[in-house]
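S.K.: Shown below is the structure under consideration.
The values are calculated or read from the model by the stated rules, or taken from the named source; none is laboratory data. Quick caveat, the model's predicted, so the values are computed rather than measured. All Cβ positions, even for glycine, are placed from backbone atoms using ideal geometry, and neighbour counts span all protein chains on display.
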Amino acid sequence: MLSLLQKIYNKAAFFRARLRALFWGLFAANIGREVYIKSGTLLFSPGKVEIGDYCTFGPMCTLNGHSGLIIGSFVRFGPNVCILSSLYRFDDWRVPQFFQGHEEGLVEIHDDVWIGVNAVVLPHVKVGRGAVVGANSVVTKNVAPYSIVAGAPASHIRYRFGEEERRKAMEVDIDYFKNPKHAAEAYNRSKDTPVK
């Protein structure tokens, strides 16, 4: 009985998350297929936000598109992730911070990225394909493809794979996995792969 109730609850939660994505799609520059946005997530300047296919946003995320925000496909955001494409300036001692305007810069999050709970990504940052951003990290500079970063400010921990695997991974066409048959094959293959 409990298992059935959990399934019903999960279906309802993801249905609401999909409706939320469809709603934001009315205002965003682009929101792709099968995007799920959990409750409490906010989009500022949605007309400058582009989101690829098959992305999930945990609850309470903040997406600031003021200076442009491009998110690839197959990207996962943990709860309370904050992506900022603009910040308040505070560098002129002669003028109150209130009047100093904004530091602005496009944020790009490429395909197959996972951003952990409570992470913050600041303006002018590019997060490379396949990267992992650890929980509670503050990303102030670009993140290399397939790297794992963590900390405040975030620093490189290691790569997910060796150099040869990273080269091969960059050659894979991510759109291949948008076909449901290919996605199911990849999912089933990953279940059979032992964790190192």
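S.K.: On the basis of being without any contact (Cβ under 8 Å) to a residue 60 or more places away in the chain and touching a Ser or Thr at 6+ places or on another chain (Cβ under 9 Å), does L122 make the cut?
M.R.: Details: without any contact (Cβ under 8 Å) to a residue 60 or more places away in the chain: yes; touching a Ser or Thr at 6+ places or on another chain (Cβ under 9 Å): yes.
Judged against the criteria, L122 is a match.
To keep it simple, each residue is scored yes or no on (1) out of contact with any Leu (no Cβ under 7 Å at 6 or more places or on another chain); (2) within 26 Å of S39 (Cβ to Cβ); (3) modelled with pLDDT of 95 or more; (4) surrounded by fewer than 21 Cβ atoms within 10 Å (Cβ to Cβ).
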position: C82; (1), (2), (3), (4): yes, yes, yes, yes
position: D91; (1), (2), (3), (4): yes, no, no, yes
position: G101; (1), (2), (3), (4): yes, no, no, yes
position: L106; (1), (2), (3), (4): yes, no, yes, yes
position: I109; (1), (2), (3), (4): yes, yes, yes, no
position: V113; (1), (2), (3), (4): yes, yes, yes, no
position: G130; (1), (2), (3), (4): yes, no, yes, no
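S.K.: Does the stretch 52-73 contain any residue that is closer than 19 Å to V138 by Cα, under 13 Å from the mean Cα position of the chain (by Cα) and among the polar types (S, T, N, Q)?
M.R.: yes
S.K.: Quick one: R94 ticks every box in (1) assigned to a strand (DSSP E or B); (2) more than 17 Å from the chain's Cα centre (by Cα) except a single one, so which number is it?
M.R.: So the condition that R94 fails would be (1).
S.K.: Quick test for you: out of A186, A169, A152, pick the one residue that is modelled with pLDDT of 85 or more, within 23 Å of G52 (Cβ to Cβ) and out of contact with any His (no Cβ under 8 Å at 6 or more places or on another chain). Can you show your working first?
M.R.: Working: A186 fails: modelled with pLDDT of 85 or more; A152 fails: within 23 Å of G52 (Cβ to Cβ).
Only one candidate passes the filter, namely A169.
S.K.: Limited to the stretch 42-62, what total is found for residues that are over 12 Å from I109 (Cα atoms) and either of a type outside the set (V, I, T) or not in a strand (DSSP E or B) (or both)?
M.R.: Residues in the stretch 42-62 being over 12 Å from I109 (Cα atoms) and either of a type outside the set (V, I, T) or not in a strand (DSSP E or B) (or both): 14 in total.
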